[in-house]
Structures are given as structure tokens and as C-alpha cells.
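Step one of this worksheet: look at the structure below.
Values in this text are rule-based calculations from the coordinates and carry no lab data. Nothing here was measured: the structure is a model prediction, and the numbers come from that model. Cβ placement follows ideal geometry from the backbone for every residue including glycine, while neighbour counts extend to all protein chains displayed.
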Amino acid sequence: MPITRGFLGKRRPERPDRLPPGQYDTGSGWPTLTAEATPKLDVEQWSMTVDGLVDSPQTWSWREIHALPESTYFGDIHCVTTWSKFDTTFTGVSVDTLLEAAGPRPEAKFVMAHSTTGYTTNLPLEDLTGGKAWVVWDFDGKPLARGHGGPVRLLVPHLYFWKSAKWVTRLELMERDRPGFWEQNGYHDRGDPWLEQRYQGDP
Ligand SMILES: Nc1nc2c(c(=O)[nH]1)N[C@H]1C(S)=C(S)[C@@H](COP(=O)(O)O)O[C@H]1N2
Ligand SMILES: [Mo]
């Protein structure tokens with residue numbers, strides 16, 4: 001069957017149901033969005049800490065975190081600047097695995113993710129549990145590029161991508177919510193793309 005020019009010209013999204021409101025499909029591209037200078041991190045110096053309101057604060061070296069059970073995310077990501085990227089594959093460790101080792105206290109309700117650069121972002125603890133969040137080092141089977149947060153970033157794909165802190169080094173469990181870097185600058189404390197929680201004051 002011939003495909004008409006008119007049909008192609010409409011550029012209908014292939015899977016509109018996968019695109020949250022106000023988003024477009026960036027295709028094979030992957031924009032880089034960084035507020036600070038991209039750090040050059042030595043994996044021998046890098047470590048991952050889970051502390052704050054936990055029974056047993058934990059720190060993993062690069063080697064130690066790789067010894068934990070591996071976990072892969074396959075699916076979509078959504079940036080508040082309106083691009084979405086379909087069918088990404090990230091590999092690392094589930095945040096559940098890290099939290100199980102540290103033992104969150106009952107009063108822990110929120111988390112501040114910290115980057116080596118000082119970038120921070122806040123999240124409800126519930127958004128990091130139940131197989132919804134990862135600490136990742138591979139993208140599409142290759143080491144995560146430095147510009148995209150390599151060697152290690154947080155991945156919380158069901159929320160806008162600013163919650164996925166690049167160069168993550170610490171998850172701090174807290175009783176009360178506290179705004180991170182973009183949240184202090186007017187972005188939403190939760191950031192669900194399906195609810196279009198872009199800015200403070202959105203639903
Ligand atoms: N450390 C750090 N992490 C960050 C950011 C940043 O500026 N610094 N930007 C956030 C924003 S706004 C987005 S959209 C994504 C962009 O990730 P990418 O550059 O890999 O696309 O990272 C998030 N994590
Ligand atoms: Mo973003």
C-alpha cells in the first residue's frame with residue numbers, strides 16, 4: 001500500500017498514549033541539561049551513601065555497589081523542558097536494595113538526593129521505593145556518559161528528569177520535605193509528568 005505524503009506530513013506521534021501532557025518525542029536524541037560544570041569523577045574516589053533517618057547508615061564504594069544485585073530499567077523518561085525519550089535502558093541497582101541495607105526509620109518520609117557537585121533534589125520516600133528508582137551506571141549497555149551523569153546517576157523515570165540527580169553520591173532520609181536546587185527555584189516538590197507538576201503551585 002502506498003504511503004501518501006499527506007499522511008507522513010501530519011507527523012502524528014506514534015504512541016500518543018505514552019506522551020504525558022505538553023511533552024514531545026525527542027526521538028533518538030538525548031539533550032544534556034546541567035546547571036553546573038560537568039565534574040570529572042574518579043570511580044576510585046566516588047562512593048554512595050544512604051544516611052539521615054536510617055537505622056544503619058551505609059556507604060558503598062564503586063566495587064561494593066557493583067557487587068549488589070543488578071537491576072535494569074527499560075522505558076521512557078520525561079524532562080520538564082518538554083522532551084520525552086522512549087525506550088531507554090539503564091542498568092545499576094534498585095534504590096530498594098540500598099534502602100533495605102540502611103533500614104529507613106518509620107519517621108523517614110522524604111529524601112534529599114545529593115550530587116558530588118552540590119546539586120540537590122528532594123523526593124517523597126515513596127517515589128524511591130517499590131521498584132520505581134535506581135542508581136545507574138550503564139545506558140544502553142555502555143558506561144553512562146559523563147555529561148549524562150556518569151559514572152553514576154539517580155534514575156526516577158516516573159517523575160520529571162530533574163529528580164534524576166546526575167553524579168549522585170548521597171541519599172539523605174528526612175522527616176520533613178525540604179526543597180532542592182530546582183525546587184528552590186520554583187519547580188515542583190514532586191514533579192509527576194502525568195499530572196503536569198512542573199512548577200510550585202501546580203496540582
Ligand atoms: N547534578 C545534576 N543533576 C541533574 C541536573 C543538573 O543540572 N545537575 N539536571 C536535571 C535535569 S533538569 C534534567 S532534565 C536531567 C537531564 O539529564 P541529561 O542531561 O542526562 O539529559 O538531569 C537532572 N539531573
Ligand atoms: Mo530538566
Inset, instruction - Could you please give the count of residues in the range 161-189 that are touching a Pro at 6+ places or on another chain (Cβ under 8 Å) and closer than 23 Å to T91 by Cα? - result: 2
Inset, instruction - Could you give me the residue pairs with C-beta distances under 7 Å whose first residue belongs to the range 48-76 and is farther than 20 Å from P157 by Cβ and touching a residue at least 24 places away in the same chain (Cβ under 8 Å), whose second residue is assigned to a loop (DSSP other than H, G, I, E, B) and of a type in the set (F, W, Y) wherever it lies, and which are 6+ apart or on separate chains? - result: W62/W46
Inset, instruction - Kindly indicate the residue of the range 122-138 that is hydrophobic (A, V, I, L, M, F, W, C) and under 13 Å from the mean Cα position of the chain (by Cα) and also farthest from F110 (Cα to Cα) among those meeting that condition. - result: W137
Inset, instruction - Could you please find all residues in the range 147-157 being within 15 Å of ligand 2 (Cβ to nearest atom), of a type outside the set (K, R) and farther than 19 Å from A102 by Cβ? - result: G147, H148, G149, P157
Legend entry - Sole exception among (1) within 9 Å of ligand 1 (Cβ to nearest atom); (2) touching a Ser or Thr at 6+ places or on another chain (Cβ under 8 Å); (3) of a type outside the set (S, T, N, Q) for G75, by number: (1)
Inset, instruction - Working only within the range 54-74, note down all residues that are assigned to a loop (DSSP other than H, G, I, E, B) and of a type in the set (D, E, K, R). - result: D55, E70
Inset, instruction - Filter the range 63-98 down to residues that are away from ligand 2 (no atom under 16 Å from the Cβ) and in contact with a helix residue (DSSP H, G or I) (Cβ under 7 Å, 6 or more places away or on another chain) and give me whichever is nearest to R146 (Cα to Cα). - result: V93
Legend entry - Single condition L99 does not satisfy, out of (1) in contact with a His (Cβ under 9 Å, 6 or more places away or on another chain); (2) farther than 16 Å from D189 by Cβ; (3) in a helix (DSSP H, G or I): (1)
Inset, instruction - Kindly indicate whether any position in the range 158-177 is part of a strand (DSSP E or B) and within 16 Å of ligand 2 (Cβ to nearest atom). - result: yes
Inset, instruction - Answer yes or no as to whether P203 is away from ligand 2 (no atom under 13 Å from the Cβ), part of a loop (DSSP other than H, G, I, E, B) and buried (at least 17 other Cβ atoms within 10 Å of the Cβ). - result: no
Legend entry - Restricting the range 139-172 to residues that are of a type in the set (A, V, I, L, M) and within 16 Å of V50 (Cα to Cα), the residue that is farthest from the chain's Cα centre (by Cα): L171
Legend entry - Any hit, the range 115-124, residues being touching a residue at least 40 places away in the same chain (Cβ under 8 Å), farther than 27 Å from L41 by Cα and out of contact with any Cys (no Cβ under 7 Å at 6 or more places or on another chain): yes
